[in-house]
1. Stretched out fully, how many nm does the piece from D243 to D19 gain, at 0.36 nm a residue minus the Cα gap?
2. Pull up the cross-link candidates among the lysines for K313, meaning alpha carbon to alpha carbon under 24 Å and not fewer than 8 places away within one chain.
3. Describe numerically, in nm with one decimal, the distance between label points set 7 Å from Cα along Cα→Cβ at A55 and at T356.
4. May I ask for the distance between the Cα centers of the stretch 90-114 and the stretch 37-54, given as a whole number of Å?
5. The stretch 183-282: which trypsin sites (Lys or Arg not before Pro) are DSSP loop and have at most 12 other beta-carbon atoms within 10 angstrom?
6. Quick check: Cα centre of the stretch 231-250 to Cα centre of the stretch 124-154, how many Å?
7. If each residue of separation counts as 0.36 nm, what is the full-extension length gain between R179 and R384 once their alpha-carbon separation is subtracted?
8. Set the Förster distance to 25 Å, then compute FRET efficiency between D47 and H26 from the Cβ-Cβ distance, nearest 0.05.
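Computed from the coordinates by the stated procedures, all read-outs in this text should not be read as laboratory data. Since this is a predicted model, take the numbers as computed values, not measurements. Note: ideal-geometry Cβ built from the backbone for every residue, glycine included; neighbour counts use all protein chains shown.
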Amino acid sequence: MGDTDIIGIIESAYRVRDDDAAWVRHLAAVVKPHLASGIGFAAAAYDRAQRDPRAMLDELVIDGFDPRLLGAMRSAFESGSDADRARSLGGGPAFRLSDLEGTAIRSSKTYGALAREIGFDDVLAVRAGNPDGTGIVLAAPTRAKHTRAWSRRWSRIAAHIAAGLRVQRASTTLTDLARRTDAVLSPGGRIIHASERARGASHSLKDAVVAIDRARTKKGRRDADAALDMWTVLVDGRWSLVDHFETDGRRYVLALENTPTAPDPRALTAEERPVLHFVLMGHTNKAIAYELGLPEGTVATRLAAIVKKLRAKSRVDLAARYFMLRRAETTRVEVGGKRFAVATASDVEAKEPSLTRAEREVAGMVAAGLGMSVIATKRRCAPRTVANILQSIYRKLGVRSQSELVTALVRLSTP
């Protein structure tokens, strides 16, 4: 799996095509040399809003991927429970098939025989998902082990792919691009045109253009992780930067409104909704900050406001509260000349996990990305005690990794 020119993937993600299928095919061609190891590669678009499991996945690229393995994976997806599908289309952006199976692939009842015959040890997957339930999954069987550095790098790449998918689906024509463009900049960052709301962000936009061009140099491409640090997914949590070439070959940079959209759980603001949905997808505060182009402290502040508004006991409580509100019936009433929205869920109760107080505290801190030693220090206990509590949480919630902690509540709260 190649490590060079990861930036080429990002460039491809933000390059608008004639249609969505063409965009996915080109992206897959660029990703394949970096993710695949010679025993197959596949790419599929997904939409969690589809009611029929068979319609949720749309396989667009199959390149050397053994059809028996692909069939087994699709069959497991379609025959699984809603919780299984929520886990496979939610959770972290970069993962292994063994993470979903909860065991080594060669020991799996579903894939063990195929793994031994075909000669692979796992399937690496990159899931570039958006809060509206759409996304792209890129997968490749592998004989190699992947490290935390691999996961971190591909989680960031996935954030760019997800943002690129939003650009693609909203901007397939020049008219679409013009309608969504808030600013036009030169390659050096000079503002050529800007809407009123973009003028206040001119310095941020200029700095982002300069940083992106630095990431795209030969020197920048040699250090993929440093280049990913430089290339911001969103500028000020609002704009994606996309190249546009005139007929004479001149290049401009367009600042396009590209904030992720998400279903409205009643009381949340437009800025808070994407944060909540990325949390439900199992993303850490640090990952969300990268995806939204915001300081990590801003994400934490918005998350604290969300927890308070939804009256959740902790971050881990959010999914149950959110889905309860989504299912509730809302009526508007007027009291003393003021209008209020009242949500009624008499027939629907959020099914909260039967965790002890200590388990809820540890689950919340783990979901927030804190390490064992930090949690032990905060709770004034031994790291081994924290590990034992965490194992109890995993057993009760039926999860196998930190990224599944939040996603598990989706299963618990879905009727």
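1. 78.9 nm
2. Cross-link targets: K286, K351, K378, K396.
3. In this crude spin-label approximation the distance works out to 4.7 nm.
4. So the separation of the two Cα centres works out to 16 Å.
5. Working: sites: R190, R197, R199, K206, R214, R216, K218, K219, R221, R222, R238, R250, R251, R266; in loops: R190, R216, R238, R250, R266.
Sparse-neighbourhood loop trypsin sites (Lys or Arg not before Pro): R190, R250.
6. Using only Cα atoms to place each centre, the spacing works out to 25 Å.
7. Details: separation 205, 0.36 × 205 = 73.80 nm, distance 5.61 nm.
Residue separation times 0.36 nm, minus the Cα-Cα distance, leaves 68.2 nm.
8. Values: r = 20 Å, r/R0 = 0.81.
With R0 = 25 Å, the Cβ-Cβ based efficiency is 0.80.
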